[in-house]
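Chemist: Mind looking over this structure? Questions follow.
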Amino acid sequence: MNIDKYVHWLSRLTLAVAVIMIGWGWVFSLANPSPSGFAASTTIWMALLLISALWQLRDSFTAIAALALATAVVFALV
């Protein structure tokens, strides 16, 4: 296998981890009562996490930064 195949599979793995993290965040936010502003902010950041993970599939270098930022914020909020 050459490096391109590894990068392709790593992008798919990144998408899978992002989807798992979003699911975990939804379960956590639905199980615990939270203010509506907090829930809205968490939902927006989870959407940005999904968008940046999908963007990563197109081999975008900027998506790496967006994915890192969205992951850190979702993890901090949840």
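Chemist: Kindly sort Arg12, Arg58 by accessible area of their heavy atoms, largest first, with the probe set to 1.4 Å. Mind showing how you got there, number by number?
Modeler: Working: Arg12 115, Arg58 195 Å².
The ordering from most to least exposed comes out as Arg58, Arg12.
Chemist: Highest mean first, what order results for 33-39, 19-25 on Cβ atoms within 10 Å?
Modeler: Descending mean neighbour count gives 19-25, 33-39.
Chemist: Summing -39500 (n - 2.57) over the DSSP H runs of n ≥ 4 in the chain and dividing by its residue number, what mean residue ellipticity at 222 nm do you reach, to the nearest 500 deg cm²/dmol?
Modeler: Computed mean residue ellipticity for the chain: -30000 deg cm²/dmol.
Chemist: Oh, and also: Using the reciprocal of the averaged 1/r over all distinct C-alpha pairs, how large is the Kirkwood radius of the chain in Å?
Modeler: 13.0
Chemist: Before anything else, pin down the relative contact order of the chain: Cα pairs under 8 Å, at least 6 apart, normalised by residue count, whole percent.
Modeler: Relative contact order here is 37 percent.
The values are calculated or read from the model by the stated rules, or taken from the named source; none is laboratory data. Since this is a predicted model, take the numbers as computed values, not measurements. FYI the Cβ positions are ideal-geometry reconstructions off the backbone, even for glycines, and counts take in every protein chain you see. Each accessible area value is taken on the protein alone, full model and side chains, heavy atoms only, with ligands, DNA and RNA left out. Shrake-Rupley method; radii C 1.70, N 1.55, O 1.52, S 1.80 Å.
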